[in-house]
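> This is the structure, below, for whatever I ask next.
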Amino acid sequence: MKKVFYAVILFTIVAIAVNAQERRPAVYTKWEDLAPTPQMGWNSWNKFATDINEDLIKATADKMVELGLVDAGYVYLNLDDGWHGERDQQGFIHEDLQKFPSGIKALADYLHGKGLKLGIYSDAGTNTCACYAGSLGHEYQDAYTYASWGIDYLKYDWCYTKNLNAKGAYTIMRDALKWAGRPILFSMCEWGTAKPWEWAADIAHSWRTTGDIGASFLPIPQRYDEEGKPLWRALCVLEIIEKNEPLRAYAGPEHWNDPDMLEVGNGMSVSEDRAHFTLWCMMAAPLILGNDLTNMTDETLAIITNKEVIAIDQDPLGIQGLRIKKENDLQYWFKPLADGAWAFCILNEGEQAQTVNIEWKDLEFTDEISGRSPLFATTVYNVKDLWNDSVKPFTSAKPTKVTIQSHDVITYKLTPKN
Ligand code: GLA
């Protein structure tokens, strides 16, 4: 009898303990294995702002398949600001049915049928930057809605956040996305204000390191309002490079520095577009196209589909490139690659073409992140020009004489010769 009594007591204690454990809040982590290399895709903002609709998005998806962009790796098609309708009485967000008459879920189904993934946009504050409904206070509800629509990617902005703590706000949405149960890549868009590179590796798959990009290679002049206050100003390619370059130690697989979306095909010259694209690849940046894919030039298409340059960005080692020197308007960049090779590029930020005689031994350096050095004194490299097929491969045994046009790059892959 006594035994039965003790057994009942023990059972009750275990039952209470198990029950208590179940009630303990779950500890969430971010979704894993979504960004072993920087994410690639297209986003509506840079070209179309809030002027988006179902026809445009479907036509863009069709082009991404037809032009080989999906095969090249651009698998995310991301709606930015302006897809939103209103919240209903229960607080659930709905799409704008004027813009998306079939609904976002049908759009996700359409994209998934084509091998694409659908991204969406929201904001940690009360409103998005274009003043649609933000997710503050609705994080779990919105994550649930996105998961039920079949969303694969969330860009989460930082407008109208008043005194919100950035780490806390982004952690809440990370947890909500995990709780909602569908793997969703989490792209933070906090503009680098609270130095997310120092704390967001466990929260997001990428974080913006700068303010918004504009389609300009050189700084866009500051303008002022009637009272003499400076107006908001987009950053140019060169300014963004300066801000993103020092942050290389923080980037790596599953957590990338994001120097903002691409402006290739949005009005810069072909050489500027080529330089912009190359530097984003050297910096292991997310490659999110921002031009009109239904109407672009052959030159633009050739830049964004250069597989060897994309491979620099997508290299599995996942180390952001480093600038070893900047001299007479020329920037010298290296990026260590997984196969023991190096990507190398010289960017000419000046107004004149320059001819240089590259003495490889003089460029010797040690990359503190990979611990590697090219050892040019003892290693001969096969050198391949990645933008110019007419340049026959050569070696680093002799100095290399090369002309770099204004606002342009030369880009090589250096593979050690056995
Ligand atoms: C912010 C972001 C941009 C874009 C707009 C949308 O400015 O940084 O990338 O998403 O909001 O309103």
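The values are calculated or read from the model by the stated rules, or taken from the named source; none is laboratory data. Please read these numbers as outputs of a predicted model, since none were measured by experiment. Positions of Cβ are backbone-derived with ideal geometry, glycine not excepted, and every protein chain shown enters the neighbour counts. The accessibility values were calculated without ligands, DNA or RNA, using every heavy atom of the protein model including side chains. Shrake-Rupley method; radii C 1.70, N 1.55, O 1.52, S 1.80 Å.
> Going by the structure shown, is D273 acidic (D, E) and either outside the structural domain of L185 (by TED's automatic domain parsing) or not in a loop (DSSP other than H, G, I, E, B) (or both)?
yes
> Let me spell it out: the conditions are (1) in contact with a Ser or Thr (Cβ under 6 Å, 6 or more places away or on another chain); (2) over 18 Å from Y74 (Cα atoms); (3) assigned to a loop (DSSP other than H, G, I, E, B); (4) not aliphatic (A, V, I, L, M), and G265 meets all of them except one. Which number is the exception?
So G265 meets the others, but not (2).
> On to the next question. Can you tell me which residue within the range 154-179, out of those that are aliphatic (A, V, I, L, M) and over 18 Å from I120 (Cβ atoms), is least open to solvent (accessible area, probe 1.4 Å)?
This residue is A166.
> What's the total number of residues in the range 59-74 that are under 21 Å from the mean Cα position of the chain (by Cα), hydrophobic (A, V, I, L, M, F, W, C) and farther than 12 Å from K114 by Cβ?
So the answer is 1.
> Could we say that A176 is modelled with pLDDT of 95 or more, assigned by TED's automatic domain parsing to the domain that holds D142 and over 28 Å from F277 (Cβ atoms) here?
When the stated conditions are applied, A176 passes them.
> Output the qualifying pairs, or none if there are none: Cβ atoms under 6 angstrom, residues six or more apart or on different chains, first residue in the range 234-254 and at pLDDT 95 or above, second residue in a helix (DSSP H, G or I).
From the range 234-254, the pairs are V237/H276; I241/L279; L247/W197; Y250/W197.
> Name the helices (runs of 4 or more DSSP H) wholly inside the range 29-117 in which the number of residues that are open to solvent by 60 Å² or more (accessible area, probe 1.4 Å) and within 16 Å of the ligand (Cβ to nearest atom) is 2 or more. Show your work before the answer.
Values: elements: 45-48, 54-66, 104-113.
Helices (runs of 4 or more DSSP H) meeting the threshold: 45-48.
> Still on this structure, I have one more. Being open to solvent by 10 Å² or more (accessible area, probe 1.4 Å) and at pLDDT below 95 narrows it down to one of N388, N357, N418, so name that one. Walk me through how you get there before you give the answer.
Values: N388 fails: at pLDDT below 95; N357 fails: at pLDDT below 95.
Within the list N388, N357, N418, the selection yields N418.
> How many of the residues making up the range 306-330 are under 18 Å from Q405 (Cβ atoms) and open to solvent by less than 10 Å² (accessible area, probe 1.4 Å)?
Number of matching residues: 2.
> Follow-up. Go through the range 331-344 residue by residue and tally those that are assigned to a loop (DSSP other than H, G, I, E, B) and open to solvent by less than 50 Å² (accessible area, probe 1.4 Å).
Result for the range 331-344: 3.
> Determine whether Y156 is part of a strand (DSSP E or B) and either within 16 Å of the ligand (Cβ to nearest atom) or out of contact with any helix residue (DSSP H, G or I) (no Cβ under 9 Å at 6 or more places or on another chain) (or both).
The answer is yes for Y156.
> Among (1) surrounded by 24 or more Cβ atoms within 10 Å (Cβ to Cβ); (2) aliphatic (A, V, I, L, M); (3) part of a loop (DSSP other than H, G, I, E, B), which single condition is L279 missing?
Result: L279 fails condition (3) only.
> For the range 119-137, does any single residue satisfy the condition of being open to solvent by 30 Å² or more (accessible area, probe 1.4 Å), within 20 Å of M64 (Cβ to Cβ) and part of a loop (DSSP other than H, G, I, E, B)?
no
> Still on this structure, please answer the following. Please determine, by comparing only the residues of the range 184-207 that are in a loop (DSSP other than H, G, I, E, B) and open to solvent by 60 Å² or more (accessible area, probe 1.4 Å), which one is nearest to the ligand (Cβ to nearest atom).
Looking at the filtered set, the residue picked out is W191.
> Shifting gears a bit: Which numbered condition trips up K162, out of (1) over 20 Å from D258 (Cα atoms); (2) away from the ligand (no atom under 16 Å from the Cβ); (3) in contact with a helix residue (DSSP H, G or I) (Cβ under 8 Å, 6 or more places away or on another chain)?
Going through the list (1) over 20 Å from D258 (Cα atoms); (2) away from the ligand (no atom under 16 Å from the Cβ); (3) in contact with a helix residue (DSSP H, G or I) (Cβ under 8 Å, 6 or more places away or on another chain), K162 breaks only (3).
> So, of the residues in the range 143-153 that are in contact (Cβ under 8 Å) with a residue 40 or more places away in the chain and either in a loop (DSSP other than H, G, I, E, B) or away from the ligand (no atom under 16 Å from the Cβ) (or both), which turns out to be most open to solvent (accessible area, probe 1.4 Å)?
Filtering the range 143-153 down to residues in contact (Cβ under 8 Å) with a residue 40 or more places away in the chain leaves 143, 145, 148-153.
Narrowing further to those that are either in a loop (DSSP other than H, G, I, E, B) or away from the ligand (no atom under 16 Å from the Cβ) (or both): 143, 145, 148-152.
Values: A143: 0, T145: 11, S148: 56, W149: 28, G150: 9, I151: 0, D152: 14 Å².
Looking at residues that are in contact (Cβ under 8 Å) with a residue 40 or more places away in the chain and either in a loop (DSSP other than H, G, I, E, B) or away from the ligand (no atom under 16 Å from the Cβ) (or both), I get S148.
> Another question about this same structure. Would you check which residues across the range 285-328 are farther than 15 Å from Y74 by Cβ and free of Cβ contacts under 8 Å to residues at least 60 places away in the same chain and list them?
Listed by number, the residues that qualify are N295, T297, D298, E299, L317, I324, K325, K326, E327, N328.
> If you don't mind, there's one more thing I want to ask. Part of a helix (DSSP H, G or I), surrounded by fewer than 19 Cβ atoms within 10 Å (Cβ to Cβ) and out of contact with any strand residue (DSSP E or B) (no Cβ under 7 Å at 6 or more places or on another chain): does that describe P246?
Working: part of a helix (DSSP H, G or I): yes; surrounded by fewer than 19 Cβ atoms within 10 Å (Cβ to Cβ): yes; out of contact with any strand residue (DSSP E or B) (no Cβ under 7 Å at 6 or more places or on another chain): yes.
Answer is yes for this residue.
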